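Just so it is clear, none of the values below were taken in a lab; they were calculated from the coordinates. Source: prediction; values computed, not measured. With ideal geometry, Cβ positions are generated from the backbone for all residues, glycine too; neighbour counts draw on all protein chains shown.
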């Protein structure tokens, strides 16, 4: 019998990844070229925050659209400052909408398995590009965003 993830891979067809929102801030007290010389800790997060399903009815064909909202972020904080959580030196975060289509309504366990194991794989190149281009626009050294990996 197929696992929930295998069922999802068979049922869902990838359509697009679009940016829903983004936030980029460099602390006013930081000089861009000095950022790399500071002793900073990197903090990150990633994951599907919401799944929205929409039934599309048409004269020729009906289908389900599944919108996976993937939130991701990175920030640099001073290791020695107690209020680092409130005042990151650099913060970049975004939410992407990964759109898939299916010919049938999918069970929540199938969508959950797909959310955990596959959405990041499609979103990650868009995230890496956003971070790299944001760093270039801020005139700071590019932050390294590693290749995507699924961690169980």
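What angle, in degrees between 0 and 90 and rounded to the nearest 10, separates the Cα long axis of helix 119-138 from the longest principal axis of the Cα atoms of the chain?
The angle comes out near 30 degrees.
According to a simple spin-label model (label point 7 Å from Cα along Cα-to-Cβ), what is the distance in nm between residue 28 and residue 103?
Going from the residue 103 label point to the residue 28 one covers 5.9 nm.
What is the helix-to-structure angle for 108-117, meaning the angle in degrees between its Cα long axis and the longest Cα principal axis of the chain, kept from 0 to 90 and rounded to the nearest 10?
Helix 108-117 sits at roughly 40 degrees to that axis.
Sorted by mean Cβ packing within 10 Å, highest first, what order do the peptides 32-41, 115-124 take?
115-124, 32-41
Provide the FRET efficiency to the nearest 0.05 for the residue 37-residue 87 pair, computing r from the beta carbons and using R0 = 25 Å.
0.85
Taking mean projected area of the Cα convex hull in nm² as the quantity of interest, determine which of (1) 9.1; (2) 11.1; (3) 9.7 was computed from the displayed structure.
Checking each listed value against the structure points to (2).
So for the pair residue 59, residue 112, with labels modelled 7 Å out along Cα→Cβ, what separation do we get in nm?
Reported label-point gap for residue 59 and residue 112 is 4.2 nm.
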